[in-house]
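Step one of this worksheet: look at the structure below.
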Amino acid sequence: FEKTVMDVTTGADPATTASAGDRLRYRLQFVNQSTATLSSLGFFDELDARNTPAAFQPGTLTLVTVPPGADTSNTSAVGGVNGTGVVDVRNITAAPGATVLLEFEITLAAAIATDVLVTNQSALRINGAAFADSDDPNVNGAADPAIAGDEDPTVVRIVSPPQLRVQKISTDMTGDPNLLLPGDTLRYTITVKNIGGTDVPD
C-alpha cells in the first residue's frame, strides 16, 4: 500500500520540496498480493492530522482518480479537526493481483515557514477497521508487507524564501505638487510588503 506525491504547480514528480500555495497531487496505490478477492476496502486520510499548524487550504481538496464503483460520499473538502479535508472512499473491491488507484489534489496554505515538513499518511481499511498505513517508497525504500511498522509517511519540505516588494514615493508638501521649486518640503514614504509565502522576522 504505497503513497507518493507530485507538485502540480512545478511538475516535480515525486516532489520532495514545495512552496506555500503549491497544488499537490497525492497518489495511493494498493496491490492485492493475496489469492483471494478483497472487498469492503476503503481509503481514509485526514489531510492535516500530522501537521501543526495546519498546512493545507480548506476547501481545496478534490478527488482526481477514483476506483470504479467506490463510494466517495464521505469525503469532505472541509472535514477533519482543522477543516482542511478528509478523504474517505469506501466499498472498494480488489481481485487477486489487482491494483487499486486513488488520486486526489489539495493546495498548500498560502503562508508556510521555510523548512517546515508537511507530512501525510493514509490508512487502508477493511470493513471500516484499520488494516495498513501507506508507505512512501521514495522515503527509505519500499515497505516490506511482512514487516509491521516500517511504513513511512509522505513528506514534503517547504521552500518558501521571503519575497519583499519595496516601494518609495515622494510627495511635495508645499506649493504645486506637480512643480518642484527650491525650498519646497518633500515627504518620502517607503512601503515594504511581504509578497512571499513565509513570515519575515523583524
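The values are calculated or read from the model by the stated rules, or taken from the named source; none is laboratory data. Nothing here was measured: the structure is a model prediction, and the numbers come from that model. FYI the Cβ positions are ideal-geometry reconstructions off the backbone, even for glycines, and counts take in every protein chain you see. For the accessible areas, the whole protein counts, side chains as well, though only heavy atoms, and no ligand, DNA or RNA atoms are used. Shrake-Rupley method; radii C 1.70, N 1.55, O 1.52, S 1.80 Å.
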> Which one of the conditions (1) acidic (Asp, Glu); (2) in contact with a Lys or Arg (Cβ under 6 Å, 6 or more places away or on another chain); (3) without any contact (Cβ under 8 Å) to a residue 60 or more places away in the chain does Glu103 fail to meet, given that it meets all the rest?
Replying inline: (3)
>> So Thr154 passes all but one of these: (1) open to solvent by less than 40 Å² (accessible area, probe 1.4 Å); (2) out of contact with any Lys or Arg (no Cβ under 6 Å at 6 or more places or on another chain). Which condition number does it fail?
In response: (2)
>> Among the residues of the range 1-39, what is the count of those that are free of Cβ contacts under 8 Å to residues at least 60 places away in the same chain and of a type in the set (Val, Ile, Thr)?
In response: 3
> Out of (1) open to solvent by 10 Å² or more (accessible area, probe 1.4 Å); (2) under 18 Å from Phe131 (Cα atoms); (3) not hydroxyl-bearing (Ser, Thr, Tyr), the odd one out for Gly79 is which?
Replying inline: (2)
> Only one of these conditions is not met by Ser19: (1) modelled with pLDDT under 95; (2) touching a strand residue (DSSP E or B) at 6+ places or on another chain (Cβ under 8 Å); (3) surrounded by fewer than 18 Cβ atoms within 10 Å (Cβ to Cβ); (4) farther than 25 Å from Gly149 by Cβ. Which number is it?
Replying inline: (3)
> Of the residues that make up the range 152-170, is at least one under 30 Å from Gln33 (Cα atoms), in contact with a Leu (Cβ under 9 Å, 6 or more places away or on another chain) and either polar (S, T, N, Q) or assigned to a loop (DSSP other than H, G, I, E, B) (or both)?
Replying inline: no
> Can you tell me which residues in the range 40-74 are open to solvent by 20 Å² or more (accessible area, probe 1.4 Å), over 13 Å from Val86 (Cβ atoms), more than 12 Å from the chain's Cα centre (by Cα) and touching a residue at least 60 places away in the same chain (Cβ under 8 Å)?
Replying inline: Ser40
> So which of Ala130, Ala148, Ala142 is open to solvent by 40 Å² or more (accessible area, probe 1.4 Å) and part of a strand (DSSP E or B)?
Replying inline: Ala130
> Has the range 159-176 got at least one residue that is open to solvent by 60 Å² or more (accessible area, probe 1.4 Å), β-branched (Val, Ile, Thr) and within 22 Å of the chain's Cα centre (by Cα)?
Replying inline: no
> Among the strands (runs of 3 or more DSSP E) contained in the range 1-91, which hold 3 or more residues that are touching a Gly at 6+ places or on another chain (Cβ under 9 Å)?
Replying inline: 38-46
> What are the pairs, 6+ residues apart or on separate chains, where a residue within the range 120-148 that is closer than 14 Å to Val31 by Cβ has its Cβ under 7 Å from a residue that is aromatic (Phe, Trp, Tyr) and open to solvent by 30 Å² or more (accessible area, probe 1.4 Å)?
Replying inline: Leu124/Phe1; Leu124/Phe131; Ala132/Phe1; Ser134/Phe1; Asp135/Phe1
